[in-house]
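Visitor: Please read through the structure below; I'll follow up with questions.
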Amino acid sequence: MRRAFRQGSDNALPAIQRIERSAATAGLQMRVLLHDLLSADIDDPEQWRALMERLREVLPQLADAPPAARRLDDVLRYIPLLAPHAEAVGNDTAPMMSVATSIQRAKGETHAASLILECLDSRGRKYDVHETLALVAQSKDVADAPVTVRKAAQLLFVGATRPTHLLGFAAHRNRIEPHLGALQARGWLVRSVSHER
């Protein structure tokens, strides 16, 4: 938001700590709006549009300058929770989002959570997650690893830096078992998943 506003205006938005709190000011309006954004059902297009209209009204008052409308439109547009490439899974009491994609496609994006699934490298010889986690568990330098493991580690680094809250790795029990103790000692939470119900 700050970047979009700054690119279309000579003035910048004030820091949140500096926004006024007194009644009938743009600062108080912004504080109330921030509260509403955090607590409202913003997956409803009409609710989103109403909140964004309030934001459009208060932003120029906060910075004493009008923002560039086109630049702001890009930032404030409504995007549905379930994108066309995603599908909801689970039951009514525990909805979850499932988006299958590749690490290469995720470059430059951020996500709340990511699960990186183990697979064979491009030559079909080594398992990427297990090989890379072995380096982490043994505190080994990636530079000393074989080229195929270094490439896998670089790719996994991209995937591991996408989530903001939760990162999970899925690897076959037999391949990761020798490293579980070291990973748990580093604070990793390890869960065994079985296909049996």
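Visitor: Against the globular-protein guess of 2.2 N^0.38 Å, express the Cα radius of gyration of the range 135-197 as a ratio, rounded to two decimals.
Guide: Rounded to two decimals, the normalised Rg is 1.24.
Visitor: Here's a follow-up. With a 1.4 Å probe and all protein chains kept in place, how do Asp64, Asp44, Asp128 rank by accessible area, largest first?
Guide: From most accessible down to least: Asp64, Asp44, Asp128.
Visitor: Skipping prolines and chain starts, which residues have an amide H placed within reach, meaning under 5 Å, of the one on Ile116, given they are 5 or more residues away or on another chain?
Guide: Residues meeting the amide H criterion: Gly168, Phe169, Ala170.
The values are calculated or read from the model by the stated rules, or taken from the named source; none is laboratory data. What you are looking at is a predicted structure, and each value in this text was computed from that prediction instead of being measured. We work out accessible area using only protein heavy atoms, side chains counted, and drop any ligands, DNA or RNA first. Shrake-Rupley method; radii C 1.70, N 1.55, O 1.52, S 1.80 Å.
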